[in-house]
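What follows is a short report on a single structure.
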Amino acid sequence: MLSPTDAFKNKECIFCKIIAGTLPCEKVYENDHIFAFRDISPQAPVHVLIVPKQHVVDILDVSSENSVIFQNLFGAVQQIAAKLGIAGSGFRTVFNSGDHACQTMYHLHLHLLGGTQMSGSLVG
Ligand code: AMP
Ligand code: ZN
């Protein structure tokens, strides 16, 4: 697996390729700053990845210079949850950052999970 730095340097980032349209995805939402698509290995009936179009590795990589990402993120969650019919029933949003959280894709992504009753446990 590529390290975060290598993925950026080598321009081998899969999510950047999905955003650019050179890898396929099931797109659910897009605006000037945000792109969202269905997770290829869904862990709930609705499992969407919401990503910034700019290559940002994780939360630690977001700063005042690219805070437009966070300014757009909650609005994207609201619109996607409404569009996919889970705004009323509820949903979970998760950022994995680094090894202990088992981050595997080093392009910042927010997991939006819903469409089923989840347990109260956050750490499994
Ligand atoms: P994380 O473990 O938080 O880094 O999550 C990465 C997520 O990306 C996993 O849920 C994968 O199933 C998902 N994923 C990996 N490759 C693709 C892809 N080509 N299209 C859609 N989702 C993907
Ligand atoms: Zn990327």
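The values are calculated or read from the model by the stated rules, or taken from the named source; none is laboratory data. What you are looking at is a predicted structure, and each value in this text was computed from that prediction instead of being measured. Because the Cβ atoms are built from the backbone with ideal geometry, glycine has one as well, and the counts that use them run over all protein chains shown. With ligands, DNA and RNA removed, areas are computed over all heavy atoms of the protein, side chains included. Shrake-Rupley method; radii C 1.70, N 1.55, O 1.52, S 1.80 Å.
Out of all the residues in the stretch 74-106, which are touching an Asp or Glu at 6+ places or on another chain (Cβ under 9 Å) and of a type outside the set (Gly, Ala, Ser)?
Matches in the stretch 74-106: Phe95, Asn96, Gln103, Tyr106.
Return the total of residues in the stretch 88-101 being open to solvent by 50 Å² or more (accessible area, probe 1.4 Å) and within 11 Å of Leu113 (Cβ to Cβ).
Residues in the stretch 88-101 being open to solvent by 50 Å² or more (accessible area, probe 1.4 Å) and within 11 Å of Leu113 (Cβ to Cβ): 3 in total.
Please work out which residue is surrounded by the fewest Cβ atoms within 10 Å (Cβ to Cβ), limiting yourself to the stretch 103-117 and to residues that are part of a loop (DSSP other than H, G, I, E, B) and within 14 Å of the chain's Cα centre (by Cα). Even if it seems obvious, please write down each step before you answer.
Taking the stretch 103-117 and keeping what is part of a loop (DSSP other than H, G, I, E, B), we get 103-109, 115-117.
Okay, now just the ones that are also within 14 Å of the chain's Cα centre (by Cα), so 103-109.
On the way: Gln103: 16, Thr104: 7, Met105: 17, Tyr106: 24, His107: 23, Leu108: 26, His109: 23.
Per the criteria, the residue is Thr104.
Pull up the stretch 53-66, narrow it to residues that are out of contact with any Ser or Thr (no Cβ under 7 Å at 6 or more places or on another chain) and open to solvent by 40 Å² or more (accessible area, probe 1.4 Å), then point me to the one that is farthest from Thr22 (Cα to Cα).
Residues of the stretch 53-66 out of contact with any Ser or Thr (no Cβ under 7 Å at 6 or more places or on another chain): 53-57, 61-66.
Then keep just the ones that are open to solvent by 40 Å² or more (accessible area, probe 1.4 Å); that gives 53-54, 61, 63-65.
Details: Lys53: 14, Gln54: 16, Asp61: 25, Ser63: 28, Ser64: 30, Glu65: 27 Å.
Filtering the stretch 53-66 for residues that are out of contact with any Ser or Thr (no Cβ under 7 Å at 6 or more places or on another chain) and open to solvent by 40 Å² or more (accessible area, probe 1.4 Å), the one farthest from Thr22 (Cα to Cα) comes out as Ser64.
Take Ile18 and decide whether it is of a type outside the set (Asp, Glu), crowded, with 18+ Cβ neighbours inside 10 Å and assigned to a loop (DSSP other than H, G, I, E, B). Working first, answer last.
Details: of a type outside the set (Asp, Glu): yes; crowded, with 18+ Cβ neighbours inside 10 Å: yes; assigned to a loop (DSSP other than H, G, I, E, B): no.
Spelling it out, it is not the case that Ile18 is of a type outside the set (Asp, Glu), crowded, with 18+ Cβ neighbours inside 10 Å and assigned to a loop (DSSP other than H, G, I, E, B).
Quick check on this structure: which one of Ile34, Ile40, Ile50 is within 11 Å of ligand 1 (Cβ to nearest atom) and either open to solvent by 10 Å² or more (accessible area, probe 1.4 Å) or at pLDDT 95 or above (or both)? Give the steps one after another, and end with the answer.
Values: Ile34 fails: within 11 Å of ligand 1 (Cβ to nearest atom); Ile50 fails: within 11 Å of ligand 1 (Cβ to nearest atom).
The unique qualifying residue is Ile40.
Being away from ligand 2 (no atom under 15 Å from the Cβ), outside any strand (DSSP E or B), open to solvent by 20 Å² or more (accessible area, probe 1.4 Å) and at positive phi narrows it down to one of Gly120, Gly85, so name that one.
Of Gly120, Gly85, the one residue that is away from ligand 2 (no atom under 15 Å from the Cβ), outside any strand (DSSP E or B), open to solvent by 20 Å² or more (accessible area, probe 1.4 Å) and at positive phi is Gly85.
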